[in-house]
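Quick notes on the structure that follows.
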Amino acid sequence: LQTIRKLLDFSLMNEKPSLMAIDATGIDSWRRSRHYQKRVGIEKMPYAKLDIIVDTKTKMIHDFVLRIKPRHDTLGAKSIFQRMKIKNVKILADKGYDSEKLHKLAFEKGNNLYAPVRKSSRKKPKGKFRRKCVEKDLEYNMRNIVESVNHSLKSVVTSLRSKKHYMKKREMGWHILIYNLERMERIIQIILWL
């Protein structure tokens with residue numbers, strides 16, 4: 001997995017994003033028909049949770065976290081933010097990432113996280129970073145790009161074929177690397193065509 005991450009970093013070496021988006025999605029990792037699973041009455045197998053951070057301009061995936069069982073969105077984001085080497089980036093997220101600790105971690109790394117505040121009985125949310133997110137951001141509609149990247153990834157990766165947990169993470173890493181290379185090829189073709 002470290003080799004895959006190094007290849008991913010190398011492929012994105014010249015990228016300088018200013019606006020990124022983060023989101024999570026579930027991926028089937030057991031290759032079992034949900035229809036027959038329900039008919040036979042077998043216990044449901046949990047799906048794997050994939051968190052990705054995407055450049056909204058190029059739609060390239062900069063980092064990912066795959067957890068074998070569903071976990072809260074903030075755990076994957078924390079790992080991504082700790083590894084992040086890019087600075088001066090605005091990161092757009094949904095309400096699942098509304099956490100003062102995440103805001104602080106992003107700020108310490110030199111970035112700015114915008115996640116709308118969850119509904120609460122409080123008039124003012126706790127934390128200075130969360131209070132800044134009360135007003136709507138003008139670029140927030142760009143967060144939908146990460147949803148479209150999730151959709152295009154899931155159309156290729158319908159389920160993970162590997163059995164072992166570490167092999168599932170490697171398999172997902174290779175899929176993301178291939179997705180990025182295909183995006184680069186399309187960008188180069190567009191540039192050459194122009």
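The values are calculated or read from the model by the stated rules, or taken from the named source; none is laboratory data. Bear in mind the structure is a predicted one, so any value in this text is a computation, not a measurement. Heads up, the Cβs are rebuilt from the backbone with ideal geometry, glycines too, and the neighbour counts pull from every protein chain shown. Quick note on the areas: whole protein, heavy atoms, side chains included, nothing else; ligands and nucleic acids left out. Shrake-Rupley method; radii C 1.70, N 1.55, O 1.52, S 1.80 Å.
What to note about this one:
- Of the accessible area of the range 1-122, computed with a 1.4 Å probe over protein heavy atoms only, carbon and sulfur atoms account for 52 percent.
- Longest segment of the chain lacking GluC sites (Glu not before Pro) that sit in a DSSP loop with at most 10 other Cβ atoms within 10 Å: 44-134
- Helices meeting the span-like rule in the chain (full DSSP H runs, Cα extent of at least 24 Å along the helix axis, mean Kyte-Doolittle score of -1.0 or higher): 165-193.
- Surface accessible to a 1.4 Å probe, per residue, for the residues of the chain, Å²: 64
- Comparing S18, S120, S99 in a Gaussian network model of the chain, where Cα atoms under 10 Å apart are tied by springs, the biggest mean-square fluctuation is seen for S120.
- Helix-only [θ]222 nm of the chain, DSSP H runs n ≥ 4, -39500 (n - 2.57) each, per residue, nearest 500: -13500 deg cm²/dmol
- Check: the range 90-194 dipole with +1 on Lys, Arg Cβ and -1 on Asp, Glu Cβ, in debye: 840
- DSSP-defined antiparallel bridges as percent of all bridges, the range 1-136, nearest 5: 70
- When each of the peptides 75-82, 91-98 is scored by how many other beta carbons lie within 10 Å of its residues on average, the order from highest to lowest is 91-98, 75-82.
- Inverse of mean 1/r across different Cα pairs in the range 70-136, Kirkwood, Å: 12.2
- Globularity ratio of the range 52-100, using Cα Rg and 2.2 N^0.38 Å: 1.16
- One quarter of the convex hull surface built on the alpha carbon atoms of the range 74-194 amounts to 10.3 nm², the projected area averaged over directions.
- A Gaussian network model of the chain, with springs between Cα atoms under 10 Å, assigns the largest mean-square fluctuation among H72, H175, H103 to H72.
- Note on the range 1-125: with charges restricted to the Cβ of Lys and Arg (+1) and Asp and Glu (-1), its dipole about the Cα centre is near 440 debye.
- Whole-percent pair-distance distribution, where bins are 10 Å wide, for the alpha carbons of the range 1-146: 11, 36, 31, 16, 7, 0
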